[in-house]
Amino acid sequence: MRRAGAVETSTGILILIFLTAIACGVYIYGAFSQDGPYHNRSILSLFHSREPSYLPKGLGVFGSEQTFDSQTLSNEIDGKADLYLSSGFVKLTVRRFAKKTDPKSWIEVSIYRMRNPADAFSVYSLQKREKSTPLNLGVSGYGTQDAVFFVAGPKYFEITSSTRGLMKDMKVLAQNIVKEQPRYTAVKTDSLFADKGLDKSSISLHIKDVFSFSGLDHVYTAEYTDRGIRVTAFISKRKSPQEAQKLAAAYGKFLVENGGTGVAEISQAPGSKIFKVFDTYEVVMHVGRFLVGSHDVDTLESARTIALRVYRKLGKTQK
Amino acid sequence: MRERPLWAVTDNQSLTTVFTMDRRDFLIRLAKAGAMVGGAAAMGLILHDPKGPSAPATPPPTRLPDFSVGQAGQKIAIVTGSDRIKTVDAAIEALGGMGSFVKKADRVLIKVNAAFASPPSLCATTNPVLLAEVVRLCFLAGAASVAVTDNPINDPESCFSLTGIGEAAKSAGAELILPSESLFTNITAPGSTLIRDWPVFTGPIEKATKLIGIAPVKDHHRSGASMAMKNWYGFMGGRRNIFHQNIHTFIKDLAVMIKPTLVILDGTSSMVSNGPTGGSISDLKETDTMIASTDQVAADSAGALLLGKTPKDLPYILKAQQAGVGTSDFESLHPIRISTG
């Protein structure tokens, strides 16, 4: 019987190594896959435990980095995943850091990578906490007693903590992170809305299915106070004046189909209409490329006043 | 030069090394090859399925144990106060005391909400102080053992550790059961169109004689609220997030499948926004209420009010009521209302 030559032996060994590598891969995937029913740890996380450059002194890495894509986002944030998935979600990276002197004092940084800055601003604005104070980070951001939230370009950041005594570290962390981000043109928000009575912190961007109408997307909303009544105003910039006009008509039709009735028009705003929907009022109008209005307002007068105020501001902008 | 077959010896030395084979070798190899071919053919014949592949059969419906205590009836207690130990003690006492539910030698399973690796301060998970007190009450009533479990969304070890639930359970003398593959069984829930041949965390359930659910009151982006009935979601394995597409029916199916002894709904600090994860104490509202009930639908209906909602705002509550799980009209149970001050 002949003996195998050197080439055959080498080839055989290479094939065995290759098969062993496949077997190891299958085992590791099965053991750590986020898709598995019993494990939520990413295999990639095992290789990402270096201290990031933005980490302030006194904090150390606490646990490994985890990443989630659109298939696995629910594994991390459960039902809130829909909010992100419907707004251009790309990837979530989660890192946890702890005080080197007290590991029970820890901070979690969640970085949501969205499709573009508008999508990031949308998820940021829609989760805005009422009890918060603006932070001077050079980007849109605010702090609560135990957390910091901000948006930089296409990324939305949440920095949360295990105790209330970590605000100083969280602010430094936020500042360091912002410094590392590339410069993006900020999403224009308050310049759209008329100033009088406006709560600037309330401006939000809704990406799709706005006010439950599937035809309405990319709508900015803002809260006003008029004679003690809270009023939601809305603006959506369309591709052309014709599209804005068509959308106004389609939204009006949607309101009627859902129990609304047209009750008045506003003479100063051609093509405008006021609807009564059950016990509240809705104003729908268009000016240039903008769809404008007020939504779910308790009184007709306040609905009309605020919608007209926003309409006039945009009218001047158009000129 | 004589002609020779290829496998025979040649005059060239290098070729001799490669091709040398005598008649004996040839016959042995031929026999081996023949045996292999024959064996493969025989195996093919044995394993041949003349009917071809067919869809795997769904296992017959599996009815999980009914943990309810018949004599207890439908009861609900709503206790106000900010001290969880005082309010839960008062609520359980109002329902007749833990002894009405847990008897000597009972093996109690407590299903907590440990879904996220977040601190107790965010109230996204079951409060550890509350858990420890309920474990204490169970032992006081004579329970032989108390086990605490959940199949969290995040990494189980991190969840039980960072929420404080693991430490609280162990300190109170309870056993902590973390999910592992061997504790899951594929089951089909009776009457459910969604829970079919699906991995369910049955291991701890099979060992228990009583089941208590302890859940925080939370806003939920998809279902509107996460309370007592939604808490059973943590008994599911697999890629359970697919059920979010039909969340209200799914929660109803869970409530039909799981028949607890008692549910405790912690509305001391309710997560009124950005649920179910929250992220800040700014998402919380001090609603200072503890609800205990033998009727999980009634408990969730009372809890809905803490979130500024009504049962009508939460379709799964009405679906569960229609399925006969309980009543959304919790006032009809004449709630025992107590203030602990």
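Only helices enter the 222 nm calculation for chain B: every DSSP H run of n ≥ 4 contributes -39,500 (n - 2.57), and dividing by all residues gives -9500 deg cm²/dmol, rounded to 500.
When the other protein chains are added to the chain by itself, burial of at least 40 square angstrom of heavy-atom accessible area (probe 1.4 Å, ligands and nucleic acids ignored) affects these residues of segment B:228-272: B:239, B:241, B:244.
Determine, for each peptide in A:204-217, B:99-112, B:35-48, the mean count of other beta carbons within 10 angstrom over its residues, then list the peptides with the highest first.
B:99-112, A:204-217, B:35-48
Other protein chain C-beta atoms within 10 Å of residue C-beta, averaged over A:58-67: 1.
Specify the angular offset, from 0 to 90 degrees and rounded to the nearest 10, of the alpha carbon long axis of helix B:84-94 from the longest principal axis of the alpha carbons in chain B. Once rounded, the angle reads 80 degrees. Accessible surface buried at the B:A interface totals approximately 3000 Å², computed with a 1.4 Å probe on protein heavy atoms. In the elastic network of chain A, a GNM with C-alpha springs shorter than 10 Å, the most mobile of A:54, A:224, A:27 is A:27. Descending by average beta-carbon neighbour count within 10 Å, the peptides B:118-124, A:71-77, A:245-251 line up as B:118-124, A:71-77, A:245-251, the highest first. At a probe radius of 1.4 angstrom, the accessible area of segment B:113-229 per residue rounds to 30 square angstrom. Electrostatic tally near residue B:287: other residues with Cβ closer than 13 Å to its Cβ, Lys and Arg +1, Asp and Glu -1, net -1.
Largest GNM mean-square fluctuation across A:305, A:160, A:221, computed for chain A with C-alpha springs under 10 Å, falls on A:305.
Average accessible surface for chain A: 51 Å² per residue, computed with a 1.4 Å probe over protein heavy atoms with every protein chain in place.
Each stretch of four or more DSSP H residues adds -39500 (n - 2.57); spread over every residue of chain A, this sum gives -10000 deg cm²/dmol at 222 nm.
In segment B:139-155, burial by the other protein chains removes 30 Å² or more of accessible area from B:153, B:154, B:155, compared with the chain on its own (1.4 Å probe, ligands and nucleic acids ignored). In the protein assembly as shown, carbon and sulfur make up what percent of the accessible area (probe 1.4 Å)? Looking at the protein assembly as shown in its full context, I get 56 percent from C and S. Rounded to the nearest 20 debye, the dipole size of segment B:219-286 about its Cα centre is 320 debye, using +1 on the Cβ of Lys and Arg and -1 on the Cβ of Asp and Glu. Within 10 Å of the Cβ of each residue in A:78-89, the mean number of Cβ atoms contributed by other protein chains is 5.
Excluding residue A:148 itself, calculate the net charge of residues whose Cβ lies under 12 Å from the Cβ of residue A:148, where each Lys or Arg counts +1 and each Asp or Glu counts -1.
Around residue A:148, the surrounding residues sum to -1.
Across A:228, A:262, A:252, mean-square fluctuation computed from a Gaussian network of chain A (C-alpha pairs under 10 Å connected) peaks at A:228.
Peptide packing for A:144-153, B:135-144, B:68-77 was compared via the average number of neighbouring C-beta atoms within 10 Å per residue; ordered from the highest value, the list is A:144-153, B:135-144, B:68-77.
Separation of the alpha carbons by more than 24 angstrom is noted, of B:104/B:259; A:131/B:111; A:80/A:128; A:57/B:170, for A:131/B:111; A:57/B:170.
The values are calculated or read from the model by the stated rules, or taken from the named source; none is laboratory data. Note that this is a predicted model, so its numbers are computed, not measured. As a convention, Cβ positions derive from the backbone with ideal geometry for all residues, glycine included, and neighbour counts pool all protein chains shown. The area values use the complete protein model at the heavy-atom level, side chains included, leaving out ligands, DNA and RNA. Shrake-Rupley method; radii C 1.70, N 1.55, O 1.52, S 1.80 Å.
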